[in-house]
């Protein structure tokens with residue numbers, strides 16, 4: 001997420017750098033793969049080799065979670081998985097509302113992986129009468145006008161925007177007005193929100209531009 005500070009408070013008042021938070025889910029995925037292959041311990045140098053980074057940085061990243069490795073043995077994989085999941089709050093279900101149930105919105109609703117990381121899409125919203133009042137994988141789709149009343153009944157701190165670009169700011173304003181505290185914006189449109197609102201911009205177009213640029217150099 002593009003959060004307004006480069007550092008984030010965790011238990012005990014420890015400042016956790018945003019780059020560390022961004023790397024930890026990648027580590028977690030790697031550790032889960034090790035577990036599937038019955039690997040019991042992994043060293044910081046092994047982790048560093050996989051991610052093509054310095055072992056001291058791996059050690060520092062993991063130190064924020066409170067886990068410690070054993071000399072000449074490394075880190076216990078099961079403990080790494082358990083600790084990182086708790087540290088990142090992936091074990092705590094968090095409700096989210098999704099606005100814009102087009103192809104991308106439907107894909108996110110259908111993607112089971114979000115649930116494994118603690119994010120539950122509680123409802124979808126759209127303006128297309130062909131989609132409103134239908135369900136996708138038990139997620140009900142409502143008219144945008146129904147958001148105010150539903151937000152009072154089913155609180156959600158996260159809002160996901162997958163609308164057409166020109167609707168992004170309007171939807172962001174609506175989310176902020178009715179209690180959403182963090183916005184995950186999948187449009188390339190830059191949105192303006194109060195300073196206390198967390199915004200994460202995920203643009204597949206930006207990533208595509210980088211890929212094409214590198215590919216064609």
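The figures follow:
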{"item": "Unmet criterion (only one of (1) touching a strand residue (DSSP E or B) at 6+ places or on another chain (Cβ under 6 Å); (2) modelled with pLDDT under 95) for residue 101", "result": "(2)"}
{"item": "Filter result for residue 72 (at positive phi, at pLDDT below 95 and not in a helix (DSSP H, G or I))", "result": "yes"}
{"item": "Count of residues meeting criterion [surrounded by 14 or more Cβ atoms within 10 Å (Cβ to Cβ) and either within 25 Å of the chain's Cα centre (by Cα) or in a helix (DSSP H, G or I) (or both)] in the stretch 54-69", "result": "9"}
{"item": "Odd one out for residue 103, checked against (1) surrounded by 13 or more Cβ atoms within 10 Å (Cβ to Cβ); (2) over 27 Å from residue 15 (Cβ atoms)", "result": "(1)"}
{"item": "Filter result for the condition that a residue is in contact (Cβ under 8 Å) with a residue 60 or more places away in the chain, surrounded by 14 or more Cβ atoms within 10 Å (Cβ to Cβ) and in a helix (DSSP H, G or I), over 47, 109, 84", "result": "84"}
{"item": "Complete set of residues in the stretch 112-141 that are closer than 30 Å to residue 17 by Cα, in a loop (DSSP other than H, G, I, E, B) and in contact with a helix residue (DSSP H, G or I) (Cβ under 8 Å, 6 or more places away or on another chain)", "result": "117"}
{"item": "Residue check, residue 211 over 18 Å from the mean Cα position of the chain (by Cα) and either farther than 22 Å from residue 108 by Cα or outside the structural domain of residue 108 (by TED's automatic domain parsing) (or both)", "result": "yes"}
{"item": "Tally of residues being surrounded by 14 or more Cβ atoms within 10 Å (Cβ to Cβ) and either in a strand (DSSP E or B) or out of contact with any strand residue (DSSP E or B) (no Cβ under 9 Å at 6 or more places or on another chain) (or both) across the stretch 180-209", "result": "8"}
{"item": "Of the criteria (1) within 20 Å of residue 180 (Cβ to Cβ); (2) at pLDDT 95 or above, which one residue 134 fails", "result": "(1)"}
{"item": "Checking residue 92 against (1) touching a strand residue (DSSP E or B) at 6+ places or on another chain (Cβ under 9 Å); (2) surrounded by fewer than 20 Cβ atoms within 10 Å (Cβ to Cβ), the condition it does not meet", "result": "(1)"}
{"item": "Total residues in the stretch 162-179, condition more than 20 Å from residue 104 (Cα to Cα) and either part of a helix (DSSP H, G or I) or touching a strand residue (DSSP E or B) at 6+ places or on another chain (Cβ under 6 Å) (or both)", "result": "4"}
{"item": "Unmet criterion (only one of (1) buried (at least 16 other Cβ atoms within 10 Å of the Cβ); (2) in a helix (DSSP H, G or I)) for residue 159", "result": "(2)"}
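The values are calculated or read from the model by the stated rules, or taken from the named source; none is laboratory data. Here the structure is a predicted model, which means the values were calculated and not measured. Every residue, glycine as well, gets a Cβ built from its backbone with ideal geometry; the counts of neighbours run over all protein chains shown.
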